Amino acid sequence: MLKENLVRIAAVLGALAALVALVTAFGLALAPRAQAKPEDYLAYSLEGLDQVPEDKILYREAEPVKVPAGADDSLAGLCLLPDGGSALSGGSSIFVFDRSRTLVRTFSVGAPAVALCVKPGTTPPALYVAMRDHLEIWSVDGRKLDEWTSLGEKALIASIAASGSAVYAADAGDKNIVQYDTGGRLIRFITLKADGGDSGFLIPGAYFDVAFGDGSLWAVDPGRHRVCKISPDGEILAAWGRTSAELDGFCGCCNPVNIALFPDGSFAVQEKGLLRIKLYDRTGAFQGVVAGPASFHPSVKSLDLAVGSGGTVYAADSHLKEVRIFTRKGAGR
Amino acid sequence: MKSKKPGKNPKKKMTRREFLRVGARAGLALGAAGVAGGAFLRGRQTADLRWQLDPDKCIQCGRCATHCVLTPSAVKAVHAYDVCGYCELCSGYFKPNALLLDTAAENRLCPVSAIKRTFVEDPYYQYTIDTDLCIGCGKCVKGCQSFGNGSLFLQAMHDRCVNCNECAIARACPARAWTRLPASAPYMLKGKSRGSGDAKK
């Protein structure tokens with residue numbers, strides 16, 4: 001009798017064990033497998049710094065202008081022409097648009113053009129075109145007018161600006177600004193003079209923008225997160241900008257990247273990393289945002305800027321192959 | 001009249017059974033030779049190739065740290081010094097909103113403190129990777145690519161990689177950034193060494 005009971009108990013326990021095993025196996029097979037993903041502490045996070053409050057965005061985007069540049073061509077130089085048109089370099093091509101933003105001419109300059117600006121007082125307009133190590137002058141109808149001497153192997157011209165009597169080429173390779181007269185004679189190399197520890201421009205990368213406006217020469221000093229007004233002999237006449245990841249500051253190793261001056265002396269400024277175009281008044285006080293990181297592809301680093309009448313901001317977007325156009329909210333179209 | 005003489009006909013007709021037997025033997029022999037040859041060639045091919053991460057395709061998702069069969073991962077951050085800006089505010093070293101530019105842990109991006117910061121001269125600093133500590137998460141690479149020159153990048157180190165036939169990271173990589181390179185040049189480098197593939201250069 002006892003033996004029979006023991007056998008029954010063993011059989012029941014065995015059946016229960018088999019049932020539990022079966023249920024467990026089914027559970028394991030059917031349970032959704034958690035997608036293995038990196039732990040949070042391994043993920044790079046901007047912690048919301050790439051968000052821009054809507055009330056800080058002062059501009060809206062208008063219809064962009066498509067540029068028929070090659071897939072690998074960088075839209076490196078953008079300038080507005082006196083007749084209301086614009087010119088843009090993409091790879092070794094120059095694209096000329098009329099005031100209605102219709103492409104009217106494309107011509108090759110034979111090598112990648114890294115920056116453009118208009119030669120003041122020329123009719124029809126002529127363009128200063130920067131190659132890696134030297135400047136050339138081209139008419140907008142595609143004729144080469146002049147070529148200036150090379151700045152050497154180490155030169156890496158990043159931008160150019162012109163006044164009525166001088167041309168300035170920002171050389172990121174040699175970390176100085178080269179001043180020429182309008183005939184191409186090299187006048188001087190401008191570098192920041194030591195003031196409180198400063199020793200030249202701090203240019204960690206290939207981004208070094210220069211602009212002439214309001215009668216003065218302005219340049220970015222990206223390693224120190226500032227924009228400087230410079231005298232021809234390198235004295236810092238004014239400087240603004242602060243290191244911060246907040247909206248009004250400049251962050252990362254080297255910002256800002258590009259600047260453009262409005263006629264009233266205020267600035268449109270572009271940063272990389274946290275890709276934003278922002279507005280600052282003539283004293284460097286933060287005004288608001290033209291476009292935030294959400295407006296651009298993350299791969300974009302540099303957007304050459306130009307500013308037009310009515311506060312319109314133009315940005316050359318190499319990823320989309322477009323000239324992006326931003327107009328002030330509330331301004332008439 | 002022609003007469004058939006025994007032994008005059010040298011060709012002996014093969015019976016069906018003999019034909020099938022010979023055919024089966026030949027088929028088996030050919031199949032075995034094919035399998036052996038294929039295995040040999042595959043083994044040779046695998047032995048001559050190494051898995052590597054293409055830094056131009058890498059999106060720094062973090063899976064190199066979590067999916068390698070080794071712990072820590074065989075993937076490490078590598079620094080192309082000729083591309084680096086030697087910045088005081090290195091975006092591969094500091095968090096984007098670091099309070100101070102010092103070596104305090106709360107300001108540093110690397111979760112395992114694998115980057116050493118050394119003062120060179122005002123205002124320049126050198127950044128060196130301690131590969132024994134590095135876990136290959138790519139946070140520094142993401143920071144450097146986002147804000148800086150992109151001098152930091154990830155590579156599978158072949159003094160550690162066990163060269164799995166099917167690399168576990170390659171299978172998990174969302175950017176399909178893993179490829180196989182000849183064992184003689186198993187690296188994809190940046191800077192002046194780009195294209196050389198030889199880590200000694």
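The values are calculated or read from the model by the stated rules, or taken from the named source; none is laboratory data. Just so it is clear, the structure is predicted and the values come from calculations on it, not from any experiment. Backbone-built Cβ (ideal geometry, glycine too); neighbour counts: all protein chains shown.
Structure notes:
- Across segment A:238-258, not a single residue is classified as surrounded by fewer than 24 Cβ atoms within 10 Å (Cβ to Cβ) and in contact with an Asp or Glu (Cβ under 7 Å, 6 or more places away or on another chain).
- Looking only at residues in segment B:176-201 that are at positive phi and small (Gly, Ala, Ser), the one that is modelled with the highest pLDDT is B:GLY191.
- Within segment B:68-84, being within 13 Å of another protein chain (Cβ to nearest Cβ) and surrounded by 21 or more Cβ atoms within 10 Å (Cβ to Cβ) holds for B:CYS68, B:SER73, B:VAL75, B:ALA77, B:CYS84.
- Qualifying residue in segment A:69-91 (condition: touching a Leu at 6+ places or on another chain (Cβ under 9 Å), crowded, with 20+ Cβ neighbours inside 10 Å and in a loop (DSSP other than H, G, I, E, B)): yes
- Test: residue in segment B:93-107 that is within 13 Å of chain A (Cβ to nearest Cβ) and crowded, with 23+ Cβ neighbours inside 10 Å: yes
- Listed conditions (1) farther than 21 Å from A:TYR314 by Cα; (2) more than 25 Å from the chain's Cα centre (by Cα); (3) more than 14 Å from chain B (Cβ to nearest Cβ) are all met by A:PRO120, apart from (1).
- Filtered residue count, segment B:145-155, keeping only those that are more than 8 Å from every other protein chain (Cβ to nearest Cβ) and not in a strand (DSSP E or B): 3
- Condition check for B:VAL120 on (1) more than 22 Å from B:CYS58 (Cα to Cα); (2) facing another protein chain (nearest Cβ under 10 Å): one failure, at (2).
- In segment B:123-139, the qualifying residues are those that are at the interface with chain A (Cβ under 9 Å from one of its Cβ atoms) and within 20 Å of the chain's Cα centre (by Cα), and the one that is farthest from A:GLY252 (Cα to Cα) is B:ILE135.
- The set of residues in segment A:199-237 that are in contact (Cβ under 8 Å) with a residue 40 or more places away in the chain, assigned to a strand (DSSP E or B) and over 17 Å from A:SER159 (Cβ atoms) contains only A:ILE236.
- Selection count, segment A:290-306, where residues are out of contact with any Gly (no Cβ under 9 Å at 6 or more places or on another chain) and either within 25 Å of A:PHE212 (Cβ to Cβ) or of a type in the set (D, E, K, R) (or both): 6
- Yes/no for A:ARG132 being within 21 Å of the chain's Cα centre (by Cα) and at pLDDT 95 or above: yes
- Comparison of A:GLY234, A:GLY205, A:GLY252 shows that the only residue that is closer than 24 Å to B:GLY85 by Cβ, more than 21 Å from the chain's Cα centre (by Cα) and among the small types (Gly, Ala, Ser) is A:GLY234.
- B:ARG180 vs. criteria of a type outside the set (Gly, Ala, Ser), touching a Phe, Trp or Tyr at 6+ places or on another chain (Cβ under 9 Å) and surrounded by fewer than 16 Cβ atoms within 10 Å (Cβ to Cβ): no
- Screening A:THR191 on (1) within 14 Å of another protein chain (Cβ to nearest Cβ); (2) closer than 19 Å to A:GLY152 by Cβ; (3) in contact with a strand residue (DSSP E or B) (Cβ under 7 Å, 6 or more places away or on another chain) shows it passes everything except condition (1).
- Which listed residue, of A:ASP146, A:ASP209, A:ASP181, A:ASP214, is surrounded by fewer than 19 Cβ atoms within 10 Å (Cβ to Cβ) and either aliphatic (A, V, I, L, M) or in contact with a Pro (Cβ under 9 Å, 6 or more places away or on another chain) (or both): A:ASP214
- Flag: A:VAL227 does not match the condition of being closer than 26 Å to B:GLY143 by Cα, aliphatic (A, V, I, L, M) and within 13 Å of chain B (Cβ to nearest Cβ).
- Some residue of segment B:116-129 being modelled with pLDDT of 95 or more, in a loop (DSSP other than H, G, I, E, B) and farther than 14 Å from A:TYR44 by Cβ: no
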